[in-house]
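The values are calculated or read from the model by the stated rules, or taken from the named source; none is laboratory data. Bear in mind the structure is a predicted one, so any value in this text is a computation, not a measurement. All Cβ positions, even for glycine, are placed from backbone atoms using ideal geometry, and neighbour counts span all protein chains on display. Only protein heavy atoms, including side chains, enter the accessible area calculation; ligands, DNA and RNA are left aside. Shrake-Rupley method; radii C 1.70, N 1.55, O 1.52, S 1.80 Å.
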Amino acid sequence: MMSVSPPVANAPMWHALSPTEVAERLGIDVSTGLDDAEAARRLASSGPNSLPEGRGRRLRDLVVEQFRDVMILLLLAAAVVSGIVGDPVDTVAIIVILVLNATIGVVQGYRAERALEALRAMAAPKARVLRGGRPELVASAEVVPGDVVLLEAGTAVPADLRLTEAAGLQAAEAALTGESVPVDKGVRALDDPQAHLADRTSMAYRGTEVTNGRGAGVVVATGPDTQIGHVAGLLAEVEEVRTPLQRRLAHLSTRLAIAVVVISAVVFAVGLLRGEDPLEMLLTAVSLAVAAVPEALPAVVTISLALGAATMVRHQALVRRLPAVETLGSVTYICSDKTGTLTRNRMTVDAVWAVGGETPELGRALLACNDALLGEREDGEDTHGDPTEVALLRYGAEASPDATPAPVPRVAEIPFDSERRRMVTVHDRGAHDRSVRYVAYAKGAPEVVLPRCVTDPETRHEAVTRARAMAADGLRVLAVARRDLDDLPDDLADAEHHMTLLGLVGLLDPPRAEAARAVAECREAGIVPVMITGDHPDTAHAIAARVGVAEPHHAGDDVITSRELTELDDDALSDRVLDARVYARVDPAQKIRIVKALQARGQVAAMTGDGVNDAPALRQADIGVAMGRGGTDVARGASSMILLDDNFATIVAAVREGRRIYDNIRRFVKYTLTSNAGEIWVMFLGPLLGLPLPLLPLQILWINLVTDGLPGLALAREEAEPTVMKRPPRPPDESIFAHGVTWHIGWVGLLIGGVSLGGMAWAYTSGADNWQTVVFTILVLAQLGHAMAVRSETRPSFGRRFATNPALLGAVVLTVALQLAVVYLPWLQGIFRTDALSAGQLAVCVGLALVVPLAVEIEKVLVRRGLLYDRTPSS
């Protein structure tokens, strides 16, 4: 017994054993299968052929998870305090925000739990097996090791099988291996025990589908022991990774919690030392604590992500987890599948060499020796059949337009199979060419067709040279030949000898037209695109080079195969992972290793995929991106985002949106904490300067409500900076306060406090009874001016850009109107203890408030000239 890679430890390498050896090891007769009694015994021993349930999260667990964040706990405390000090509006607003966030989180968690359910649903509900020598239809869950399963076109494979019969058998394995075209199957034992999953042509795997031919196979693995079962196990084990935004906000919440407690305690202590009323100071300190907590932050984050998600849907990207929107803006590596994402998922004849330039004759041969059909289908396509056959049929119709899809009637054939690696068809040409009764066409691998052709040395040399060149370009190369026959031979195989070579064709799934441009934009944005595929290394590298993912010629470490990955330990992989650009023939566990290696090197990794084999890596990645058109439910269930058009360029558009969203969240944090700092400086410095307590508790809460509310939310609608895709990604461990945000909060907050106290001192020393209303109004207006100024990190926020965010303009106008109502409406004056301002006093308030946006604009000039801070990530 030899060791094996997943799914089953210490199991035989079934693909390397002959059918006879397999039957002996499993104790069966492949001609009769198991009898009912033996099948029942094995079912009791091995268990049902079903996939593991995994460990799911109950609804209660999902709800509890939503209230473990420090910011959420702070907001709960703020809601309680707001109720105590008599501010039900703030209490209700906070509770609504918390319920909204919790609901969204629970729904997203529930959807994630559906991934394993979708995986289990992939099993074939019924299977046709031999029981006691008779075919029987049994439930897929009752299939046991040793059962002989009968296969035909359209059959979903119910378990892992070692094939014992194969007549033109092909299986679509893209969902499991990533192979882009159906795989030819045979019964011959493979010489390489370590052959990659996609190369094990003597096997058929659960979750794949037979597309052509017929066959039979012995069940060698069921349930969790199958390849898909192993994937299900990996998926259940992978924990979801917290997004960069979640990590940053958690860090921010912790720092705020400490700051709130310290500031409130200091203000309370200072008030007591000055002889203020203890109850009044307690309410003031508590109100200031509530004001210091940006309760609108979760709402701003949620709304920003929701708006971004809505925008991304218009760009064909459907977001399943809102934090994924921002995560794309942090991505440093995009690990992309090849088929359908970077390519068109449509095989095409990419290169042709016709002997003597006789392209029409080559086209006629491809039309004749072809099992695809030409004709309109319900889905709008013009062909039916295997993708390779379809591509050859399309080319044949173009190269030989005078020929019909079937130039002459087919009278005999030898179908293609994986052992012969060629197919032959014989046609009756009596009605078309009286000098020749029959014509035989052959197509297949050059190494098996060329030896059967009669050619001069020069032509043979050129054919071999061109075939090698096409293969080196990653093309699937087929040789095409012809032989005229006077009579049908008794043994049709005799028609394959003494043929005339017609030419070579090279096929490829071509890159999408926009893929190269999207890859170039990624590189300009500092993002490294990487191809991870189940295809052959040469094919993968050829496509990668065409779209710019890899260099035109192998650079040593840029391509890593499955076998190399197996030989690399984690440290060695970590050394190479930043240089690799193409991974070929990889299996599910290796995809997770790649993602983990990138994350260990401090990278934020996005992983795209469509198959069952991609699901664990999609879950492990910082953001998993599934395909919407050709993808499986399993991949979609494990992902954070779904590409509705399966297009790599859509990911790039999503990255742009993600960066814009993070910039806007960062703007809000910068704005609201600066505003809160201004309020704190007013309350802290006022008494130290010999002034009365500047604000009442309810006034503090009002400022917090109107300035953090609508203006803060409107910042989420700010447009992207022109250079958003011309800067490198943010380092994953970069603080939200990086690039001068901390200094901005400090000095602008002090400025807001300074101008507010200056206005207060002017009104108080001049004997005005409404001095408190003056400082109250200056604080509100200064913060609104600051909101307008922080719309951009470096560009002027006024002038031509003044009206580019109508939502913010409307929010500022409405907030000003609300503040004026509090100042001038008698019934509100009684609630907030305000007095009407004279026209002159109001003008002073406006003038002092405008100092703040003017100072911020000067700061931008200094930043643009490199005289202040470093270049911000939004510049």
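Going through segment 145-202 one residue at a time, which ones are closer than 30 Å to Met607 by Cβ, aliphatic (A, V, I, L, M) and assigned to a strand (DSSP E or B)?
Ala156, Leu161, Ala171, Ala172, Val183
Within segment 466-487, does at least one residue satisfy the condition of being free of Cβ contacts under 8 Å to residues at least 24 places away in the same chain, assigned to a helix (DSSP H, G or I) and surrounded by 14 or more Cβ atoms within 10 Å (Cβ to Cβ)? Even if it seems obvious, please write down each step before you answer.
Step one: filter segment 466-487 for residues free of Cβ contacts under 8 Å to residues at least 24 places away in the same chain, giving 468-469.
This time we only want the ones that are assigned to a helix (DSSP H, G or I), so: 468-469.
From what's left, surrounded by 14 or more Cβ atoms within 10 Å (Cβ to Cβ): 469.
Yes, there is a match, as at least one residue in segment 466-487 is free of Cβ contacts under 8 Å to residues at least 24 places away in the same chain, assigned to a helix (DSSP H, G or I) and surrounded by 14 or more Cβ atoms within 10 Å (Cβ to Cβ).
Taking segment 147-170 on its own, how many of its residues are surrounded by fewer than 22 Cβ atoms within 10 Å (Cβ to Cβ), touching a residue at least 60 places away in the same chain (Cβ under 8 Å) and over 36 Å from the mean Cα position of the chain (by Cα)? Can you show your working first?
Within segment 147-170, the first condition is being surrounded by fewer than 22 Cβ atoms within 10 Å (Cβ to Cβ), and the residues that meet it are 150, 152-156, 164-165, 167-168.
After this cut, where a residue has to be touching a residue at least 60 places away in the same chain (Cβ under 8 Å) as well, the list is 150, 152-153, 164, 167-168.
Within this subset, residues satisfying the condition of being over 36 Å from the mean Cα position of the chain (by Cα) are 150, 164, 167-168.
The total comes to 4.
Go over the candidates Ala849, Ala807, Ala803, Ala811 one by one and state the one that is closer than 22 Å to Met683 by Cβ and of a type in the set (A, V, I, L, M).
On the way: Ala807 fails: closer than 22 Å to Met683 by Cβ; Ala803 fails: closer than 22 Å to Met683 by Cβ; Ala811 fails: closer than 22 Å to Met683 by Cβ.
Going through Ala849, Ala807, Ala803, Ala811 in turn, just one is closer than 22 Å to Met683 by Cβ and of a type in the set (A, V, I, L, M): Ala849.
Is there a residue in segment 424-431 that is open to solvent by less than 20 Å² (accessible area, probe 1.4 Å), assigned to a loop (DSSP other than H, G, I, E, B) and modelled with pLDDT under 90?
no
State which residue pairs qualify: first residue of a type in the set (Lys, Arg) and inside segment 794-813, second residue in a helix (DSSP H, G or I) and at pLDDT below 75 in any location, beta carbons under 9 Å apart, and separation of 6 or more residues or different chains.
Pairs that qualify, where the first residue is of a type in the set (Lys, Arg) and the partner is in a helix (DSSP H, G or I) and at pLDDT below 75, are Arg795/Arg801.
Identify, by number, the condition in (1) aliphatic (A, V, I, L, M); (2) assigned to a helix (DSSP H, G or I); (3) under 24 Å from Arg394 (Cβ atoms); (4) open to solvent by less than 30 Å² (accessible area, probe 1.4 Å) that Leu450 doesn't meet.
(3)
From the set of residues in segment 204-221 that are open to solvent by less than 10 Å² (accessible area, probe 1.4 Å), at pLDDT 90 or above and of a type outside the set (Gly, Ala, Ser), which is nearest to Gly385 (Cα to Cα)?
Applying the filter and picking the extreme gives Tyr205.
So which of Val519, Val530 ends up being assigned to a helix (DSSP H, G or I), touching a residue at least 60 places away in the same chain (Cβ under 8 Å), β-branched (Val, Ile, Thr) and in contact with a Phe, Trp or Tyr (Cβ under 9 Å, 6 or more places away or on another chain)?
That would be Val519, the only listed residue that is assigned to a helix (DSSP H, G or I), touching a residue at least 60 places away in the same chain (Cβ under 8 Å), β-branched (Val, Ile, Thr) and in contact with a Phe, Trp or Tyr (Cβ under 9 Å, 6 or more places away or on another chain).
Based on what the data block shows, is Pro694 open to solvent by 10 Å² or more (accessible area, probe 1.4 Å) and outside any helix (DSSP H, G or I)?
no
Conditions tested, residue by residue: (1) in contact with a helix residue (DSSP H, G or I) (Cβ under 9 Å, 6 or more places away or on another chain); (2) at pLDDT below 90.
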{"residue": "Glu458", "(1), (2)": "no, no"}
{"residue": "Val464", "(1), (2)": "yes, no"}
{"residue": "Asp473", "(1), (2)": "yes, yes"}
{"residue": "Leu478", "(1), (2)": "yes, no"}
{"residue": "Ala481", "(1), (2)": "yes, no"}
{"residue": "Leu488", "(1), (2)": "yes, yes"}
{"residue": "Ala493", "(1), (2)": "no, yes"}
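Looking only at residues that are within 19 Å of Leu305 (Cβ to Cβ) and open to solvent by less than 30 Å² (accessible area, probe 1.4 Å) in segment 721-733, which one is farthest from the chain's Cα centre (by Cα)?
Checking each candidate, the answer is Glu721.
Failed condition for Glu524, given (1) under 30 Å from Val655 (Cα atoms); (2) modelled with pLDDT of 85 or more; (3) surrounded by 14 or more Cβ atoms within 10 Å (Cβ to Cβ), with all others met?
The failed condition is (3).
So that you can scan it fast, the table gives a plain yes or no per residue for (1) farther than 30 Å from Arg200 by Cβ; (2) β-branched (Val, Ile, Thr):
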site: Pro489; (1), (2): yes, no
site: Met499; (1), (2): yes, no
site: Val505; (1), (2): no, yes
site: Pro511; (1), (2): no, no
site: Ala515; (1), (2): yes, no
site: Val519; (1), (2): yes, yes
site: Gly526; (1), (2): yes, no
site: Thr533; (1), (2): no, yes
site: His536; (1), (2): no, no
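Based on this model, can you work out whether Thr777 counts as open to solvent by 40 Å² or more (accessible area, probe 1.4 Å) and at negative phi?
No; evaluated as a whole, the condition is false for this residue.
Table: residues versus (1) more than 21 Å from Tyr764 (Cα to Cα); (2) open to solvent by 50 Å² or more (accessible area, probe 1.4 Å).
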residue: Thr804; (1), (2): yes, yes
residue: Val812; (1), (2): yes, no
residue: Thr815; (1), (2): yes, no
residue: Leu825; (1), (2): yes, yes
residue: Phe832; (1), (2): no, no
residue: Leu837; (1), (2): no, no
residue: Gln841; (1), (2): no, no
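Pairs only if they're at least six apart or on different chains, beta carbon under 7 angstrom, first in segment 18-39 and over 10 Å from Gly132 (Cα atoms), second assigned to a helix (DSSP H, G or I) and of a type outside the set (A, V, I, L, M, F, W, C); list them, first residue then second.
Val30/Pro19
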